[in-house]
Amino acid sequence: MSFDAVQAKRYARHFVLKEIGIKGQKKLSESKVLVIGAGGLGSPAIMYLASAGVGTIGIADYDKVDLSNLQRQIIHTTERTGQSKTTSAENTATAINPEINIITINERLVPENIIRIISGYDFILDCTDRFETKFLINDACVIARKPFSHAGVIRFEGQAMTYVPGNGPCLRCLMGSVPHDSDTCSEAGVVGAAAGVLGSIQALEAVKYLTSSGKLLCGRVLTFDGLNMNVRVHQMAGSDPRCAVCGKAPVITNLIENQNDYLISCSNTGGEFI
């Protein structure tokens, strides 16, 4: 594809980057990224992906905009309270860049539909809250061999890592089984700017992956402490050969048969997206 004068001006700062350039911008324009969750993490991620010129952005969320979201979910506005988050996010993304294609997915992710939902995308962003949902996304991406960026945030703190099939550990390698008793942001609180930092990192990981630029957070975990302003990157030992989904003898090969791991998020009607 070639870029017209308007596009050349829009992406001028990418064109001069040797890591992206015109070739990389073409890759972005031809790529498809799925953002699961249009909340605190998904808001900046969607906005930066749209401004970067990612050709197709899928937005998966089943919730509606609530006044309590606006402290951190910057893609939404007061006037859109009560509107579906996917519609609100689509309106903001297309206002930023009307040339991109937005696909809205107003479904709750469950073992029965997640493989279908992620199948058409080049990269996935896990921008959800509950660990049950995060492990569902992780397991689906490992089984379907889809690269994805994981992030989580609570209070002033967060973490991020990236999984690429055949190139490093997955979330289960890091955490083992699902921590069913963990707090959510609605229970423990969260600073909006902290979510913005982690969501921006996820968008950056997607851009780097799609343009084959730099070093991803594969086999590494970035931790962010906004209260004390500490950022660290921890090297992981590698994939766990005993991992239940990506190990040498995986026991999770069918999501429906293992749906008890994801039970809370599948039965809960809210609180899934940060």
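The values are calculated or read from the model by the stated rules, or taken from the named source; none is laboratory data. What you are looking at is a predicted structure, and each value in this text was computed from that prediction instead of being measured. Methodologically, a virtual Cβ is constructed for each residue, glycine included, from the backbone with ideal geometry; neighbour enumeration extends over all protein chains shown. These area figures cover heavy atoms from the full protein model, side chains too; ligands, DNA and RNA do not enter into them. Shrake-Rupley method; radii C 1.70, N 1.55, O 1.52, S 1.80 Å.
Summary table below
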item	result
Relative contact order (percent, whole number), the chain, Cα cutoff 8 Å, 6+ residue spacing	21
Interchain or long-range residues, amide H under 5 Å from Gly219's placed H	Thr162
Backbone HN-Hα couplings from phi across segment 233-250 [Karplus 6.51/-1.76/1.60, Hz, Gly and Pro as x]	10, 9, 7, 8, 5, x, 5, 7, x, 9, 4, 5, 10, 10, x, 6, 9, x
Accessible carbon and sulfur surface of segment 153-240 relative to its total accessible area, %, 1.4 Å	51
Cross-link pairs Lys9/Lys85; Lys27/Lys64; Lys23/Lys215; Lys9/Lys134; Lys85/Lys134; Lys32/Lys64 - those with Cα-Cα distance over 27 Å	Lys9/Lys85; Lys27/Lys64; Lys9/Lys134
Solvent-accessible area per residue, Å², over the chain with all protein chains present [probe radius 1.4 Å]	44
Backbone HN-Hα couplings from phi across segment 31-39 [Karplus 6.51/-1.76/1.60, Hz, Gly and Pro as x]	9, 10, 10, 9, 10, 9, x, 9, x
Residue-averaged 222 nm ellipticity for the chain, from DSSP H runs of 4+ at -39500 (n - 2.57), nearest 500	-9500 deg cm²/dmol
Loop-exposed GluC sites (Glu not before Pro) per DSSP, neighbour cap 11 Cβ within 10 angstrom, longest uninterrupted part of the chain	113-256
Cβ-defined net charge surrounding Leu67, 14 Å radius [Lys, Arg +1; Asp, Glu -1]	+1
Normalised contact order of segment 95-247, rounded percent, pairs of Cα under 8 Å and 6 or more residues apart	23
Loop-resident sites, segment 92-177, for trypsin sites (Lys or Arg not before Pro), counting at most 13 other Cβ within 10 Å (DSSP)	Arg145
Coil-residue trypsin sites (Lys or Arg not before Pro) of segment 2-106, DSSP, other Cβ within 10 Å capped at 15	Lys18
List Phe156, Phe15, ordered by accessible area with a 1.4 Å probe, largest first	Phe156, Phe15
For Gly55, residues with placed amide H under 5 Å, excluding near neighbours	Ser29, Glu30, Ser31
For segment 217-225, 3J(HN,Hα) per residue [Karplus equation, 6.51 cos²θ - 1.76 cosθ + 1.60, θ = phi - 60°, Hz, x = Gly/Pro]	7, 7, x, 9, 10, 8, 10, 10, 10
